[in-house]
């Protein structure tokens, strides 16, 4: 076989925020996948590409880490991968270490440790545009001479230097001379640090100390202990307001399309179970979730904007002090923040936490960061509580309060639980990279939005669709000879509701709402689908000819004595329940795996379910005492 057809393995190493993922995408394009290796709990991406010399390369994206001391699970995976200690994964032929040129002093620590492993190393000197704008005078040739390895300057997000990097990947790669700082053995921390300062003084001369960059000037205000928090709260509140304000038009388009398709099916199909299945089960159930797609896309667009601009790291910096009061280090912030998108990657991201006990606490409270699966429920309830005519800023305030309530409760419980677990011998070291402010990377942002939106649509077209069909069947069969209202009560769904109602009535809910809550333990968005199916008939039992928006249909629902079902107090009680309930069985499976114990996952599920019930009960009963 031609030697050029033999596949070489390259490990991509780098600090978080060094641009490693951007470079990985630039090198591999769409030819990439997620790999799960035996004995490895951290997912790693791998991809393939060819060098200009025709060499086929397998690129392995190692977990982002600050050092190779192996103080945390993700660092341990990186070390094991570099030494070929992972089953099914060969030792890399070459290491490409991605370094942020604007923060060379910090990033060279990892690069020098990589060189000390004895593996061939190429330094990808990324973000040279940011470094030059900050006034740094870079000398890649001198840096290469001092380190004894090739250095390739890059602007990966713009695709500059990627071809040059590929050309530098020659095989067999020449062995690098022994690093001058080693002296025959692995360098001490102090020796390495002294050598880094020497190298930076020669290869990355800084501007006059009195010359402040734009980032420095902005950080004087945005990291201020008072002004910084005011700005952060304003940003988050503005994000909530924008979601409600800007999504109205596209939501109207989806609603009109849903009504159009429903009307078309009703006109072309005769009355019967098949038409009811399509209109009430499929179109109504899936549409009751898809209508909130614009708001979810907007949320992830703004999150991507904050991350890409460099502001998200500042939010983490501000939150570090608050996390400390909750008994957590700053390392817990990013896993908890990830949980706002989905608790599963948030729980998995706790591997970066050194302390085992702190990691357990972070895993325990992560589901209280309201994930995107709750958003369809919030977007259904909040406008019922406050109509847009009362001002979208009020709706934004309620949604902001929902997120704040879950976050604050998580921090309080974390503090209590951390105290119960006792001190930990492992000290969690938190190092946070503050990247310079930069123009948004629109390609990254839109890819992020499309990935999240695609996942939401896929779930609506698979899991939600299947459950909607099942819910329709449960609400339709067994049949009775009475009108539609009696038929619903006689159906399996109606009987389930009758059994559930005594348990949920103290919270302000009837059997239909209780059934929707029960089904949403499979997936929280199913709450909307269940209500769409259950409220597809009117109170008098006739079909709803004008199939209005789900929110408008259920707003007119009543108790048997004619009292409104969804009063403001009931809606607040429902919001509180969904803030605190752990209604995601896949999350429990991941928690059991990450915590190494099903008892921890079961305890978390029971605690959060009971907490949600009691919190909702307290809100509703106290509210009734005060006449709400």
Query raised in the report: Roughly how tilted is helix 492-504, in degrees to the nearest 10 and between 0 and 90, from the longest Cα axis of the chain?
Result: 80 degrees
Query raised in the report: Roughly what would the spin-label model give for residue 447 and residue 117, points 7 Å off Cα along C-beta, in nm?
Result: 2.4 nm
Query raised in the report: Using r as the Cβ-Cβ distance of residue 268 and residue 622, and R0 as 60 Å, what FRET efficiency do you calculate, to the nearest 0.05?
Result: 0.70
Requested in this report: Rank-order 223-229, 442-448 by packing density, defined as the average count of other C-beta atoms within 10 Å over each peptide's residues, highest first.
Outcome: 442-448, 223-229
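Sort 217, 418, 495 so that the residue with the fewest other Cβ atoms within 10 Å of its own Cβ comes first and the one with the most comes last.
By the 10 Å Cβ count, ascending: 217, 495, 418.
Where does the chain land at 222 nm, in deg cm²/dmol rounded to the nearest 500, when only DSSP H runs of n ≥ 4 count, each adding -39500 (n - 2.57), divided by all residues?
Estimated from H runs of four or more residues: -17500 deg cm²/dmol.
When you count, for each residue, the other Cβ atoms within 10 Å and take the mean per peptide, how do 297-306, 390-399 rank with the highest first?
Averaged packing, sorted descending, gives the order 297-306, 390-399.
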Query raised in the report: How far is helix 465-476 tilted off the main Cα axis of the chain, in degrees rounded to 10, range 0 to 90?
Result: 20 degrees
**Report entry** Read-out volume of the Cα convex hull per residue in Å³, derived from the coordinates shown; its label in (1) 302; (2) 173; (3) 185
**Finding:** (3)
Query raised in the report: Calculated FRET efficiency, residue 401 and residue 260, Cβ-Cβ r, R0 45 Å, to nearest 0.05?
Result: 0.80
Requested in this report: Compute the length gained on full extension between residue 142 and residue 194: take 0.36 nm times their separation in residues and subtract their Cα-Cα distance, giving the result in nm to one decimal.
Outcome: 17.0 nm
Query raised in the report: Sorted by packing (mean other beta-carbon atoms within 10 Å per residue), highest first, where do 269-276, 460-467 land?
Result: 460-467, 269-276
Query raised in the report: Considering only region 3-205, what is the antiparallel percent among its DSSP beta bridges, to the nearest 5?
Result: 40 percent
Requested in this report: Determine the shape class of region 51-186: with a ≥ b ≥ c the square roots of the Cα gyration tensor eigenvalues, call it rounded for a/c under 1.5, and otherwise prolate if a/b is greater than b/c, oblate otherwise.
Outcome: rounded
Requested in this report: Take every DSSP beta bridge whose two residues both sit in the chain, then give the antiparallel share in percent to the nearest 5.
Outcome: 45 percent
Report task. Round to the nearest 10 and give me the degree value, 0 to 90, for the angle of helix 585-595's Cα axis relative to the longest principal axis of the chain. Result -> 30 degrees
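The numbers here are math on the coordinates, done by the rules we state, and not lab data. Being a predicted model, the structure only gives us computed values, none of them experimental. Don't worry about glycine lacking a Cβ; one is built from the backbone with ideal geometry, like all the others, and counts go over all protein chains shown.
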